[in-house]
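Undergrad: Have a look at this one before I ask anything.
Read-outs throughout are calculated quantities, based only on the coordinates presented, and are distinct from any laboratory measurement. None of the values given here were measured: they were computed from a predicted structure. Don't worry about glycine lacking a Cβ; one is built from the backbone with ideal geometry, like all the others, and counts go over all protein chains shown.
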Amino acid sequence: MPGRLAEDVFRAMLTAPVYDVARETPLEAASILSGNLGNEVWFKREDLQPVFSFKLRGAYARMARLTPAQLALGVVAASAGNHAQGVALAAQRLGCRAVIIMPATTPAIKVEAVRRLGGEVHLVGDSFDEASTHALTLVALGLTPIHPFDDADVIAGQGTMALEILRQRPRGLDAVFVPVGGGGLLAGIATCIKHLRPSVRVIGVEPADSDSMTRSLKAGRPVGLDHAGTFADGVAVRRVGDLPFLLCRETVDEMIRVGTDEICTAIKDVFLENRTLLEPSGALSVAGLRAWSRGRSGLHLIAILSGANLNFDRLRFVAERAGTGERRESLFAVGIPERPGSFRAFCALVGKRAITEFNYRYSGPDIARIFVGIQVEGDGEAREVLETFRAAGYLAEDLSGNEMAKLHLRHMSWGFSPDPRHERVFRFEFPERPGALLQFLERMGPDWNITLFHYRNHGADVGRVLAGVVVPKRNEAAFWSFLADLGYAWIDEKDNPGYRLFLN
């Protein structure tokens, strides 16, 4: 049975005045995806809200309860973008000042949208947590904080979406998939559904690199992350809220984690369905639904499309990764004999399959290293291609799941270190903002010989660098100290097959 907190939140959502600014969004059948998955799928179109995101519901539900004195002083909110727009529009309707603290990594489309709505934007820090810490300092000035998820009224406002879903689908519903950042939306929807139709499963979906709710439910307490991945910036939260955690612990049936490729595939799914381009966090639930549906059929499923504030620059990255996410493209590293006719023999093995890319660099008199992308129909054909190459006597690796290969190798000119025995290779990720790359380089020791460096901008995502360094023995302690103090996520790639085949 739901506890007192859940009862209070449910009662609050029944009277939340969200429709002063929000609209009841449609529940649309996704016929193409339904046919592909063998389940009946519907999309809850929260991307059609006035600010292109569900966040308006919770922001207004909270701000509508402010006193005239509080409204006169104004509000402050920390947000990666969508909550900020909700707060700014709510403030515009209520006639109050809104100060919005946003991470410096926030996509420009969200920053400009907040400013157009009259919000006073301050860009602070590289993450939601840093922005949130700064926002708390402004409370001393009399501004009322409007938290994006750890607030009972905000949670109740988000839960009004579930009231709509249950009205729109009064029967024949097996599961609802909900994107999760701080947990406010999941808590609101799960609280409502478990009050009114407890047989319906509520399944939260998180990025694999921002899985605080999954870890928290497993641990039985809120768990903070050292780093939160920022590709799905709308859910890039290191720690879920205390109130959402308490509600989700009572009401959520299951959590699913998905990767970047799966999210990109989901963005493509929605585009093919209705020609809408969702932001990564907006398509998160579709990615989770896809993953959960494998091996299941005949079910009635709903995915919440939570936002469409996509930075246009990310489209190139999304399109590139969607192919590997749905296993329509596989990437292979192949070593073939360095002699006349080898390319022709290799292409004969590929047959009539489409080659999506072909990269070659001379690497010695005996063997040629090839990085090739091939269109396939799923994992089965990818394995068949790999086995074909190996049966022909070629050294071959499937690199389709290799992040270093997808982020760096396919865009590089290859070569080899003059001191390969002592070269160390690391993959770094840091918040993408002006000056971030220079700051990264300035922190590297002057005595370290950089043997490899590849950087690529991914459109307001994170900066991604592949770096090779040769560190003198006398500086090894300083190098490991540098890694420990860097504050950026890093991965040692010395054993990566892509590095071994093309760079070492």
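Undergrad: Hey, quick one: spin label on A208, modelled 7 Å out along Cα-Cβ, who in the range 280-317 has an amide N within reach, i.e. under 19 Å?
TA: Within reach of a label on A208: 280-295, 317.
Undergrad: Given labels modelled 7 Å from the Cα in the Cβ direction, how far is it in nm from H134 to D379?
TA: Label at H134, label at D379, 4.4 nm between them.
Undergrad: Same structure again: Please compute, for the alpha-carbon atoms of the range 245-371, the extent along each of the three principal axes and give them in descending order in Å.
TA: Dimensions of the range 245-371 along the principal axes of its Cα atoms: 65, 33, 29 Å.
Undergrad: Something else now. With a cut-off of 18 Å, note down the residues of the range 304-345 whose backbone N falls inside the zone around a label point 7 Å from the Cα of S34 toward its beta carbon.
TA: Label zone hits: 304-305.
Undergrad: How charged is the neighbourhood of F332? Take every other residue with its Cβ under 15 Å from the Cβ of F332, and add Lys/Arg as +1 and Asp/Glu as -1.
TA: Summing Lys and Arg as +1 and Asp and Glu as -1 gives +1.
Undergrad: Right, here's the next one. Determine which residues of the range 303-331 fall in the zone a paramagnetic label at F271 would reach in this model, i.e. backbone nitrogen under 16 Å from the point 7 Å along Cα→Cβ.
TA: Residues 308-329 fall inside that zone.
Undergrad: Hey, another quick one. Could you give the size of the charge dipole of the chain about its Cα centre, using +1 on the Cβ of each K and R and -1 on the Cβ of each D and E, expressed in debye and rounded to the nearest 20?
TA: On the way: 58 positive and 59 negative charges, 120 e Å.
So the magnitude is around 580 debye.
Undergrad: Return a whole-number percent for the relative contact order of the chain, with Cα pairs under 8 Å and 6 or more residues apart as the contact set.
TA: Computed over the chain, the figure is 13 percent.
Undergrad: Given a Förster radius of 51 Å and the C-beta distance between E250 and L141 as r, what FRET efficiency does 1/(1 + (r/R0)^6) yield to the nearest 0.05?
TA: Computed FRET efficiency for E250 and L141: 0.90.
Undergrad: Under 37 °C and 0.692 mPa s, how fast does the range 342-401 diffuse according to Stokes-Einstein, given a Kirkwood radius computed over C-alpha pairs? Answer in µm²/s, whole number.
TA: Details: Rh = 12.3 Å.
Approximately 267 µm²/s, per Stokes-Einstein.
Undergrad: Evaluate the range 196-252: find the radius of gyration of its Cα atoms, find its Kirkwood radius, and give the ratio Rg to Rh.
TA: Ratio of gyration radius to Kirkwood radius for the range 196-252: 1.00.
Undergrad: Can you tell me the order of 106-118, 82-94, 52-64 when each peptide is scored by its average per-residue count of other Cβ atoms within 10 angstrom, highest first?
TA: Highest to lowest by the protection proxy: 52-64, 82-94, 106-118.
Undergrad: With the contact rule set at Cα under 8 Å and sequence spacing of 6 or more, what percent relative contact order holds for the range 257-404?
TA: 23 percent
Undergrad: Run through the range 359-398 and list the GluC sites (Glu not before Pro) located in a DSSP loop whose Cβ has at most 15 other Cβ atoms within 10 Å.
TA: E377
Undergrad: Give me, ordered by chain and number, the residues 5 or more places off R201 or on other chains with an amide H under 5 Å from its own placed amide H.
TA: The list, which skips near neighbours in sequence, is A175, V176.
Undergrad: I need the calculated FRET efficiency for the pair R23 and E357, taking r as the beta carbon distance and R₀ as 45 Å, to the nearest 0.05.
TA: Rounded to the nearest 0.05, the efficiency is 0.55.
Undergrad: With a Förster radius of 35 Å, plug the Cβ-Cβ distance of Q70 and D313 into 1/(1 + (r/R0)^6) and report the FRET value to the nearest 0.05.
TA: The computed FRET efficiency comes out at 0.35.
Undergrad: Using alpha carbon coordinates only, what is the Rg to Rh ratio of the range 56-145, with Rh defined as the Kirkwood radius?
TA: Dividing the radius of gyration by the Kirkwood radius yields 0.94.
Undergrad: Sum -39500 (n - 2.57) across every DSSP H segment of at least 4 residues in the chain, then divide by the residue count to get the 222 nm mean residue ellipticity, nearest 500.
TA: Calculated from helices alone, the mean residue ellipticity at 222 nm is -11500 deg cm²/dmol.
Undergrad: Grab the alpha carbons of the range 1-40, take their convex hull, and tell me the volume per residue in Å³.
TA: In the range 1-40, the Cα convex hull volume per residue is 120 Å³.
Undergrad: Right, here's the next one. Using 7 Å Cα-to-Cβ label points, what is the L196/A291 separation (nm, one decimal)?
TA: 2.8 nm
Undergrad: Can you give the net charge of the other residues whose Cβ lies under 10 Å from the Cβ of R290, counting K and R as +1 and D and E as -1?
TA: -2
Undergrad: Taking the Cα centre of the range 56-145 as origin, work out the dipole magnitude from +1 charges on Lys and Arg Cβ and -1 charges on Asp and Glu Cβ, in debye rounded to 20.
TA: 460 debye
Undergrad: Now for a separate question. Length gain on complete extension for the stretch A219 to Q92, per 0.36 nm per residue less the alpha carbon to alpha carbon distance?
TA: Here the answer is 41.6 nm.
Undergrad: Express in % the proportion of alpha carbon pairs of the chain at distances exceeding 28 Å. Please list the in-between numbers first.
TA: Details: 72072 of 126756 pairs.
That fraction is 57 percent.
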